[in-house]
Amino acid sequence: MKDWLVYQLPSSVDELIADIVQDYFKASDHKFHSGGREDIDVRMLGNGRPFVVELISPKLRLSVNSQHLEELQAKINTATRLVAITSLSFTDQQCFKKLTEAADSKVKAYTAIVQSKGVLTPEIISKINSLGTIEVNQLTPFRVLHRRTLMNRDKYVYRVFLKKLTEYIAVCFLMTSAGTYAKEFVHGDLGRTSPSLENVIGG
């Protein structure tokens, strides 16, 4: 597939939300847990995703009430135009189980424009579109190694469909299990994702 670059923006959803929460509660540190995630060049549509901010050694705790949370929510929403949060509330340890169970049960749909170095022949298109469910092994991609544990993940691609636009470009429709790195399934991530469309198309 087409050559690609790993790049990182100067801020993240974690920093835009959790840093303000940590400062507000005067905590020594925090952990940000989200129900799924998006790449920096992907839009989050609909009602957004659930998240939990776990605070480490907060100094402000017993006196906090719903009014404080409303104030904190407004503080976050006015600090940036990049994210907005709603329904900020307290939770308990059960929330982590709920986040994990919800993420594991999801089936995700993706649409992407892909470019091949070789000609997308009718035979290649037919071969890809006839693929059934594929079990994919993914080593943590290079582009997220700065914030993700290095490990192997077994995921599933349930459906692949290519609609040819030119000899080298096509629209790719994917349906995958939650947590699948869709981009890496397309370009192979230098062999870290296998199998991949790059394997089938041949570059």
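The values are calculated or read from the model by the stated rules, or taken from the named source; none is laboratory data. All values reported here derive from a predicted model rather than from experimental measurement. When we count neighbours, we look across all protein chains shown, and the Cβ atoms used for this are built from the backbone with ideal geometry, even at glycine. SASA here: full protein model, heavy atoms, side chains in, ligands and nucleic acids out. Shrake-Rupley method; radii C 1.70, N 1.55, O 1.52, S 1.80 Å.
Could you pull out the residue among Thr100, Thr133, Thr111 that is exposed (fewer than 14 other Cβ atoms within 10 Å of the Cβ), of a type outside the set (Asp, Glu) and without any contact (Cβ under 8 Å) to a residue 24 or more places away in the chain? Can you show your working first?
Working: Thr133 fails: without any contact (Cβ under 8 Å) to a residue 24 or more places away in the chain; Thr111 fails: without any contact (Cβ under 8 Å) to a residue 24 or more places away in the chain.
Result of the check over Thr100, Thr133, Thr111: Thr100.
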### Message
Looking at (1) farther than 22 Å from His146 by Cα; (2) modelled with pLDDT of 80 or more, which one does Leu60 not meet, given that it meets all the others?
### Response
(2)
#### Entry: Subset of the range 184-193 (residues that are of a type outside the set (Asp, Glu), over 18 Å from Lys106 (Cβ atoms) and surrounded by 15 or more Cβ atoms within 10 Å (Cβ to Cβ))
Val186, His187, Gly188, Arg192, Thr193
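Condition first: charged (D, E, K, R) and loosely packed, with under 12 Cβ neighbours inside 10 Å. Now tell me which residues in the range 72-83 satisfy that.
Pass one, the range 72-83, residues charged (D, E, K, R): 75, 81.
Matches in the range 72-83: Arg81 only.
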### Message
I'd like to check something: does the range 141-149 contain any residue that is among the charged types (D, E, K, R), open to solvent by less than 10 Å² (accessible area, probe 1.4 Å) and within 23 Å of Val107 (Cα to Cα)?
### Response
no
### Query
Yes or no: Thr86 over 16 Å from the mean Cα position of the chain (by Cα), loosely packed, with under 12 Cβ neighbours inside 10 Å and either at pLDDT below 90 or among the polar types (S, T, N, Q) (or both)?
yes
### Message
So in the range 128-155, with the set limited to residues that are among the aliphatic types (A, V, I, L, M) and either part of a loop (DSSP other than H, G, I, E, B) or modelled with pLDDT under 90 (or both), which one is farthest from Asp189 (Cα to Cα)?
### Response
Leu131
### Query
Ile125 fails exactly one of the following numbered conditions: (1) within 30 Å of Gly202 (Cα to Cα); (2) assigned to a helix (DSSP H, G or I); (3) open to solvent by 50 Å² or more (accessible area, probe 1.4 Å). What is the number of that condition?
(3)
### Summary
Out of (1) out of contact with any Leu (no Cβ under 9 Å at 6 or more places or on another chain); (2) among the hydroxyl-bearing types (Ser, Thr, Tyr); (3) at pLDDT 95 or above, the one Thr166 does not meet is (1)
### Message
Condition (residue is touching a residue at least 40 places away in the same chain (Cβ under 8 Å), open to solvent by 50 Å² or more (accessible area, probe 1.4 Å) and under 29 Å from Phe32 (Cα atoms)) applied to the range 164-179: is it met by at least one residue?
### Response
yes
